[in-house]
1. So, of the residues in the stretch B:393-437 that are in a strand (DSSP E or B) and either surrounded by fewer than 20 Cβ atoms within 10 Å (Cβ to Cβ) or within 14 Å of chain A (Cβ to nearest Cβ) (or both), which turns out to be modelled with the lowest pLDDT?
2. So which of A:GLY23, A:GLY11 ends up being in contact with a strand residue (DSSP E or B) (Cβ under 6 Å, 6 or more places away or on another chain), touching a residue at least 24 places away in the same chain (Cβ under 8 Å) and within 19 Å of B:GLU53 (Cβ to Cβ)?
3. Can you tell me which residues in the stretch B:464-482 are surrounded by fewer than 20 Cβ atoms within 10 Å (Cβ to Cβ) and away from every other protein chain (no Cβ under 12 Å)?
4. Looking at (1) more than 26 Å from B:PRO290 (Cβ to Cβ); (2) touching a strand residue (DSSP E or B) at 6+ places or on another chain (Cβ under 7 Å); (3) modelled with pLDDT of 95 or more, which is the only condition B:ALA166 fails?
5. Which count do you get for residues in the stretch B:31-72 that are in contact (Cβ under 8 Å) with a residue 60 or more places away in the chain, within 26 Å of B:SER20 (Cα to Cα) and not in a helix (DSSP H, G or I)?
6. Consider B:PRO368 against the criteria (1) buried (at least 17 other Cβ atoms within 10 Å of the Cβ); (2) in a loop (DSSP other than H, G, I, E, B): it satisfies all of them except one. Which criterion is unmet?
7. Would you point out the residue of the stretch A:12-44, among those that are within 25 Å of B:VAL472 (Cβ to Cβ) and not in a helix (DSSP H, G or I), that is nearest to the chain's Cα centre (by Cα)?
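The values are calculated or read from the model by the stated rules, or taken from the named source; none is laboratory data. Because the structure is a prediction, the values reported are computed rather than measured. With ideal geometry, Cβ positions are generated from the backbone for all residues, glycine too; neighbour counts draw on all protein chains shown.
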Amino acid sequence: MASKEVLIIGGGIAGMQAALDLGDMGIRVHLVEKNPSIGGKMAMLDKTFPTNDCTI
Amino acid sequence: MEDQTKTDIRVGVFVCDCGSNIAGYLDMQALVDYAKTLPNVVHVQENLYTCSEGGINEIKNAIPKYNLTRVVVASCTPRTHEPLFMGACEEAGLNPYLFEMANIRDQCSWVHMKEKERGTERAKGQIGMAVAKAARLRELSRIQLGLTHRAVVIGGGISGMSAAMALGNMGYEVDLVEKSDRLGGLLNDLNLVLPAKEPPSNLVNDLAGRLNENPKVTVHTRSTVSKSEGYVGNFVVTINGDGEDKTVKTGVIIVAIGGRVLKPEGLFGYDGKMVVTQLDLEAMLKDGAPASKNVVMIQCVGSRCAERTYCSRICCMTAVKNAILLKEADPETKVTILYRDMQMYGVENEDMFRRSKELGVRYVTFDPASPPRVEDGKVLVHHLRMGREISIPADLVVLSTPVIAQEEAGDISTMLKVPVNENGFFLEGHVKLKPLDFATDGVYLCGNARFPSTIREAVSQGLGAAARAAIVLSKDALFTSGIVADINPDTCCGCLGCVDVCPYGAINYFEDRGVCQVNKVLCKGCGGDAPQRARRAVRGSTDSPTNRSTRRLSR
């Protein structure tokens with residue numbers, strides 16, 4: 001049987017969302033990020049339009 | 001867990017700096033000192049970020065260490081962070097419903113940035129209220145539900161087809177409901193799709209073929225969804241086709257009803273012959289290039305105006321594509337595009353734009369305050385750089401009109417209780433965090449029904465919506481929140497006031513008994529019904545009469 005594990009390369013907003021959705025489906029995910037913390041470009045922003053949510 | 005009687009209430013308060021968002025404007029030490037004086041409070045601590053891994057661990061450690069029976073976090077909004085803190089309580093063995101939050105950021109520090117003293121007093125009040133309310137919380141449990149592992153996709157255009165295909169391939173039964181007699185939607189009316197100059201029928205036929213072959217997918221053409229009842233995991237949908245109603249049980253619903261192209265009646269002399277839309281031109285190009293030698297295209301016709309303020313975004317790409325096709329068919333054909341701003345986002349689109357200029361397509365910008373005028377055999381436009389009106393010969397005028405919402409969008413919005421915006425496009429649950437979900441659980445959206453999209457975007461959204469839906473379908477059982485309203489049948493006067501205000505259709509009236517009852521699965525615990533309680537029959541999950549209202553207002 002095929003392995004039910006997924007490798008995601010890149011822990012920016014796209015990789016994080018993919019990891020979360022797969023995790024919510026019950027699939028084991030390995031999220032690999034080159035930097036010390038995940039978040040990518042998004043984590044460098046303060047607030048984003050149009051909702052002005054705190055980006056972090 | 002030990003018995004939590006009123007005399008044994010031990011509250012832990014965690015006051016969050018939110019970096020400088022709160023600590024930069026309020027006196028945190030004063031808040032900590034004040035919280036220590038509140039009744040039942042046995043532990044108070046300040047965190048730089050309570051939501052960080054460190055902060056969460058502090059909560060988890062403090063619960064057994066101080067034997068806490070209630071947790072209060074004074075920080076940001078429960079809208080985003082309540083589930084996280086409730087989860088921390090649960091992991092530490094505390095019933096998650098014994099958690100309360102005070103929003104001292106959005107409702108205090110952000111509002112009173114220049115009034116540190118008064119803001120601090122106000123935050124004290126909020127923390128005091130949260131601690132008092134925490135003492136009155138009761139243990140609740142989540143409600144477990146079964147679910148139907150099936151999906152209904154409304155709309156058989158490219159986004160709906162993609163969603164149905166993805167779910168079918170994951171092994172879920174799918175009903176794909178299309179109102180016309182064939183799959184493909186707007187793509188059926190297009191000529192060629194750039195950059196590969198491919199007839200869209202290739203894509204449609206390939207997908208339709210695979211859908212028809214997939215044993216998990218049932219395609220219903222000439223059919224509509226006429227009724228929907230139930231809730232996430234357990235919808236009952238009525239599909240009407242050939243005058244017959246069929247009811248199907250489904251766990252999720254995907255709205256992929258697409259859009260249509262505006263017919264610009266009364267604008268620029270639109271007649272469908274000499275003055276046509278880009279969609280009309282696509283049909284003409286299917287039959288071979290038109291004989292017209294002087295073609296003028298006008299952008300933003302019926303969009304970015306008072307009536308329709310939005311930019312339909314795909315019309316620029318469509319105009320450039322068709323200009324290239326006209327030029328390639330006959331380089332002598334003169335093509336001029338009158339525009340306000342060109343939206344050519346994306347690498348390939350910018351290349352297409354450049355190629356059109358290399359082929360000799362002319363671009364003239366115009367001011368919406370003095371729009372072009374279409375006259376017999378010519379188009380007059382005020383040339384901004386020349387500072388005067390110029391006349392461009394035209395034997396064919398092509399109007400770039402926007403994608404607008406489907407006529408049935410309003411009915412579907414009412415039926416599924418999901419919102420549309422002022423233009424009739426469906427509104428996602430959150431523009432960034434839930435772009436393909438509705439706020440209503442188990443209902444998803446994709447493609448032109450959401451906003452004008454390119455084929456690539458419609459396909460991506462279809463696949464994305466399918467993946468979101470699969471999160472629900474992959475579960476063996478669902479759990480819903482224990483925070484729900486309850487109606488006391490002894491004091492309910494049957495005035496139906498609560499039924500009128502409930503946005504989720506969660507309250508049923510039983511005529512025989514003359515009382516209302518809450519469907520605990522549909523109820524979101526919003527508290528909207530509380531003010532309607534003529535005789536205080538509706539109450540929330542704590543004994544505080546204002547619990548539900550405060551919960552809603554604290555968001």
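1. Taking the stretch B:393-437 and keeping what is in a strand (DSSP E or B), we get B:393, B:396-399, B:403-405, B:420, B:426, B:430, B:434, B:437.
Those left that are additionally either surrounded by fewer than 20 Cβ atoms within 10 Å (Cβ to Cβ) or within 14 Å of chain A (Cβ to nearest Cβ) (or both): B:393, B:420, B:430, B:434, B:437.
On the way: B:PRO393: 98, B:VAL420: 97, B:HIS430: 89, B:LYS434: 92, B:ASP437: 97.
Among them, the one singled out is B:HIS430.
2. A:GLY11
3. Those that are surrounded by fewer than 20 Cβ atoms within 10 Å (Cβ to Cβ) and away from every other protein chain (no Cβ under 12 Å): B:ALA477, B:PHE479, B:SER481, B:GLY482.
4. (2)
5. 4
6. For B:PRO368, the failing item is (1).
7. A:LEU31
Residues are listed down the side, and each one gets a yes or a no for (1) crowded, with 21+ Cβ neighbours inside 10 Å; (2) under 31 Å from the mean Cα position of the chain (by Cα):
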site	(1), (2)
B:ARG10	no, no
B:VAL13	yes, no
B:VAL32	no, no
B:VAL44	yes, no
B:LEU48	no, no
B:GLU53	no, yes
B:ILE59	yes, no
B:THR77	no, yes
